[in-house]
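The values are calculated or read from the model by the stated rules, or taken from the named source; none is laboratory data. Since this is a predicted model, take the numbers as computed values, not measurements. Cβ atoms come from the backbone with ideal geometry, glycine included; neighbour counts cover every protein chain shown.
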Amino acid sequence: MKPIAVLGVLLIAIGVAGLLIANISFTEKTVIVDAGPLKVTADQQRTIPIPSIAGVIAVVVGAGLLFYGRNKASS
């Protein structure tokens, strides 16, 4: 399989995952007070939204790369 076709399949997989998963959530520890031996930390919940258009664009570009790689391989 050509590298461009592999990249196309990878982009399609990432695009479909982006369409299925609406956002990514993670917890971040931040130091609020750092006074010598005393450290006060807090956990903050962060959410990164994934736009649907990004998933659609990744799928379309991946399909285009697959099509281009297939046409280039046959000629």
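Points to keep in mind about this one:
- Taken over segment 1-38, residues that are of a type in the set (Lys, Arg) and in contact with a strand residue (DSSP E or B) (Cβ under 6 Å, 6 or more places away or on another chain) amount to 1.
- With respect to (1) in contact with a helix residue (DSSP H, G or I) (Cβ under 9 Å, 6 or more places away or on another chain); (2) at pLDDT 90 or above; (3) not basic (Lys, Arg), the lone exception for Ser25 is condition (1).
- Restricting attention to segment 28-39, the residues being in a strand (DSSP E or B) and either among the small types (Gly, Ala, Ser) or touching a residue at least 12 places away in the same chain (Cβ under 8 Å) (or both) number 4.
- Between Pro3, Pro37, the distinction of being closer than 18 Å to Gly69 by Cα and either among the polar types (S, T, N, Q) or surrounded by fewer than 13 Cβ atoms within 10 Å (Cβ to Cβ) (or both) belongs to Pro3 only.
This table checks each residue for (1) out of contact with any Pro (no Cβ under 8 Å at 6 or more places or on another chain); (2) assigned to a helix (DSSP H, G or I); (3) surrounded by 14 or more Cβ atoms within 10 Å (Cβ to Cβ).
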site	(1), (2), (3)
Ala17	yes, yes, no
Phe26	yes, no, no
Thr41	yes, no, no
Arg46	yes, no, no
Gly55	yes, yes, yes
Asn71	yes, yes, no
